[in-house]
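S.K.: Could you have a look at this structure, given as structure tokens, before my questions?
Derivation of every value follows stated rules applied to the coordinates shown; laboratory data play no part. If you're wondering where the values come from, they're calculated on a predicted model, not measured in any experiment. Backbone-built Cβ (ideal geometry, glycine too); neighbour counts: all protein chains shown.
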Amino acid sequence: MNNRDYKPFAPGEYYHVYNRGNNKAAIFRDAEDYKLFLRRLSEALYPDRTLERVNGAHLQRNQRKPLPANTFSLVAYCLMPNHFHFLLRQNTDLAVSVLVSKVCGSYSKLFNKKYKRVGSLFQDQFKAVHVDDDTYLKWLSTYIHQNPTAARLAKRPEDYPYSSYKEYVSAAGENLCDKTIVLGQFKHLADYKQFVSDGLEQIQTRQDLKTLLID
């Protein structure tokens with residue numbers, strides 16, 4: 001998978017990273033695929049963890065060539081049947097593209113082996129949009145968390161098992177995210193819940209927010 005460094009990545013900056021399956025094909029076919037991808041993501045973000053808990057199952061992390069600890073912070077994510085979204089902060093000079101290549105490259109190899117397929121799993125170029133405004137970041141977290149409801153995969157964001165929304169609103173979820181940058185913009189957790197609940201309709205109708213509709 002090629003890297004799309006059409007803008008220079010920089011330490012301390014936030015990026016919305018997303019990619020879909022080649023020819024829009026499914027990149028997750030069953031629950032174990034989602035768990036494996038989350039495992040690879042967790043290993044890349046937290047190389048110092050020796051055990052990972054992925055949807056209730058303890059899994060040994062991959063020790064090979066780990067990234068330095070605290071290289072990236074994950075703010076929000078959502079895994080959909082044929083694409084994924086990450087909202088990330090790059091903490092060092094190591095570019096976001098390194099994380100995406102490590103996670104997706106490792107996952108692709110295991111996916112191809114499992115399903116006895118060859119060729120690229122993902123589109124050649126992932127996309128990365130620089131997020132340079134707190135308000136935009138807040139709306140983007142809503143868009144990511146509302147992806148499953150917009151696609152009619154869940155009635156409510158909290159019903160979907162493969163996004164970070166459960167981490168935001170309860171003690172459930174994978175505990176992968178740094179939620180402070182988003183939740184710090186709300187006085188109470190209930191305010192964020194209401195913001196997400198109301199957000200999808202506004203994103204779909206407000207002209208200034210339609211740039212978020214990238215799928």
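S.K.: Of all beta bridges DSSP finds with both residues in the stretch 13-212, what is the antiparallel percent, to the nearest 5?
M.R.: Counting DSSP beta bridges with both partners in the stretch 13-212, the antiparallel share is about 95 percent.
S.K.: Taking the Cβ of each residue in Glu43, Glu158 as the centre, tally the other Cβ atoms inside 10 Å and list the residues starting with the fewest.
M.R.: Exposure proxy ranking, most exposed first: Glu158, Glu43.
S.K.: Follow-up. By how many nm would the segment from Ala69 to Thr205 grow when fully extended, if each residue of separation counts as 0.36 nm and the alpha-carbon distance is taken off? Could the numbers behind the result be given before it?
M.R.: Working: separation 136, 0.36 × 136 = 48.96 nm, distance 4.05 nm.
That pair, Ala69 and Thr205, stretches by 44.9 nm at full extension.
S.K.: Starting from the eigenvalues of the Cα gyration tensor, five times each then square-rooted, give me the equivalent ellipsoid semi-axes of the chain, largest first, whole Å.
M.R.: Numbers: eigenvalues 128, 73, 70 Å².
Semi-axes (√(5λ), whole Å): 25, 19, 19.
S.K.: In debye, nearest 20, what is the charge dipole magnitude of the chain about its Cα centre with +1 on Lys and Arg Cβ and -1 on Asp and Glu Cβ, if you could check? Intermediate results must be reported in sequence, preceding the final value.
M.R.: Working: 31 positive and 23 negative charges, 195 e Å.
Taking the Cα centre of the chain as origin, the dipole is about 940 debye.
S.K.: How far is helix 31-45 tilted, in degrees, relative to the longest principal axis of the Cα atoms in the chain, given as a value from 0 to 90 rounded to the nearest 10?
M.R.: The angle comes out near 90 degrees.
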